[in-house]
Amino acid sequence: MGKIVRVKNLMIGQGRPKICAIVLGKTTEEIMDLAEKSNNVDCDLIEFRADHFEDALDLGKTKSLLRKIKRVIKKPMIFTFRRFEEGGNVEAPIEYYKALLNMVADANLADLIDVEASVAKDDPKLVPGLKEMDACVIISKHDFDKTPDKNDILLDFLNMQSMGADIVKMAYMPNSKKDVLNLINAADEITGDFASCPVVTISMGHLGMVTRVLGEFIESPITFAAITKSSAPGQVNVEGLKSVLDIIHENYKKVFLIGFMGTGKTTVANALAANYGLNKIDLDAYIESKEHMSIADIFSTQSESVFRDKETKYLKQVLKKNYQVVSLGGGIVLREENVDLMKEKGVIVLLKASPQTISERVKNDKTRPLLGENFDLDYIKDLMKQREEAYDKVADLVIDTDDKNVDQICKEIVETLGFTL
């Protein structure tokens, strides 16, 4: 996932996917009734679909309605006018569409403004102009006929991101289950390797309904739901959606193994993977594979500071992948940013051992850059003391490994954290 977008007190791109409830009605009375109801619905933000308003082609009446909505709602709002060509409810001249978006931005009548990608492409000045008025822009693309192949989905995303989107939204209609899986695979690649902004990915219709609850898995930060009337095929109601998202969020945890060198992080990660079928990764090994050099060589040729920068960079990459157990280097907790990233995604398990045990485990290990040739027990004690407070401060679970075998440690982690395996 790319950067987090803050709208009022809402952090889009952080934590559980945000539920956006749709306010969709024909008359002012219908719309205002839904706007008031949205305050009591368990959603995070709302989307006003202006193209369903009976006076949607009257700039003045739309502006007046938006002012009324803004006075009533207590949550952030997305303004969306979907043109007929993009699945909207009314045909509108392109110049009116752009005038409408500029009016909303200039009068500060919405927290986010949806801009259709085709219009942004044809008018490169539109999005920059909206952002100059401090608008937060969602650039969206909808295809109600098909789902393109993965490369075309990636190209769609890169084009929208390059237009200056704060958030990219892509929605495609699947014609088979394969199309749904294709979009999920594309979303995984985009958020893992290319995104510098949050990316909303939706597979529409009944076939694609599963993507509306998979946000935490595919890094899609917003999912859309109906208060009463659905605005898109496959859309479900707010209450049902929230209950599913909560279940996924509570169980979709990563286990981060931290601790001083020699406490058994890699061994425990391997055992969790083998015994419980969990996907695991060792961050140091991942860094070495990406940098084509050992951690010790990075320390000696580039400095510890450079390594810490790389460590944070690659931690972010790993967090976007489907690993349930992450084994981390001893100094990962030295940066608050790293700790925040881990806390957001899962549970931090601290493995401890006595200095004597550590000394025995790492003696003659030339791959430990902080030790070098120094395996003196007092030196190890000093290093451990320097990090002790940082470890204890961030740990959600602490396990002393001195008198436990690896199976006992794994069982304690699984049973304590309550994972369903």
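Values in this text are rule-based calculations from the coordinates and carry no lab data. All values reported here derive from a predicted model rather than from experimental measurement. Positions of Cβ are backbone-derived with ideal geometry, glycine not excepted, and every protein chain shown enters the neighbour counts.
Annotation: for a label point projected 7 angstrom from Cα along Cα→Cβ of L158, residues of region 168-204 with backbone N closer than 16 Å are 186-197. Take the alpha carbon atoms of region 144-184, find their center, do the same for region 186-229, and report the distance between the two centers in whole angstrom. Measuring centre to centre over Cα atoms gives 10 Å.
Out of all DSSP beta bridges in the chain, what portion is antiparallel? Express it as a percent rounded to 5.
Numbers: 3 of 52 bridges.
Just about 5 percent of them are antiparallel.
Based on C-alpha pairs under 8 angstrom that are at least 6 apart in sequence, region 254-416 has a relative contact order of 34 percent.
Rounded to the nearest 20 debye, the dipole magnitude of region 5-251 is 580 debye, with +1 charges on Lys and Arg beta carbons, -1 on Asp and Glu beta carbons, and the Cα centre as origin. Look at the dipole of region 305-344 built from charges on Cβ: of L319, S305, G330, the Cα furthest out on the positive end belongs to L319.
Principal-axis analysis of the Cα atoms of the chain puts helix 265-276 at an angle of about 60° to the longest axis.
Below 8 Å, C-alpha to C-alpha, sequence gap of six or more: please give me the relative contact order for the chain in percent.
On the way: 725 pairs, mean separation 58.8, N = 421.
Answer for the chain is 14 percent.
Relative contact order of region 190-319, please, whole-number percent, based on alpha carbon pairs below 8 angstrom and at least 6 residues apart. Contact order relative to length: 15 percent. Selection among I348, L377, I287 by position relative to the dipole of the chain gives I348 as farthest towards the positive end (Cβ unit charges, Cα centre). Where does the chain land at 222 nm, in deg cm²/dmol rounded to the nearest 500, when only DSSP H runs of n ≥ 4 count, each adding -39500 (n - 2.57), divided by all residues? That comes out to -14000 deg cm²/dmol.
Beta carbons within 10 angstrom, averaged per residue: use that to sort the peptides 394-407, 29-42, 72-85, highest first.
On the way: 394-407: 15.1, 29-42: 16.6, 72-85: 19.6.
Averaged packing, sorted descending, gives the order 72-85, 29-42, 394-407.
Among I22, I227, I380, the largest mean-square fluctuation in a Gaussian network model of the chain, built with springs joining Cα atoms closer than 10 Å, belongs to I380.
Think of region 54-170 as a dipole: +1 on every Lys or Arg Cβ, -1 on every Asp or Glu Cβ, centred on the Cα centre; then among S162, V90, N102, N102 lies furthest on the positive end.
List, in the order given, every pair from K280/K345; K74/K125; K26/K98; K37/K68 whose Cα-Cα distance in the structure shown is over 20 Å. Could you put the intermediate results ahead of the total?
Details: K280/K345 15 Å; K74/K125 32 Å; K26/K98 22 Å; K37/K68 14 Å.
Over 20 Å apart, Cα to Cα: K74/K125; K26/K98.
For the chain, the longest principal axis of the Cα atoms and the long axis of helix 59-72 meet at an angle of about 50 degrees. Taking trypsin sites (Lys or Arg not before Pro) across region 100-178, the ones in a DSSP loop with at most 14 further Cβ atoms lying within 10 angstrom of their Cβ are K125, K146.
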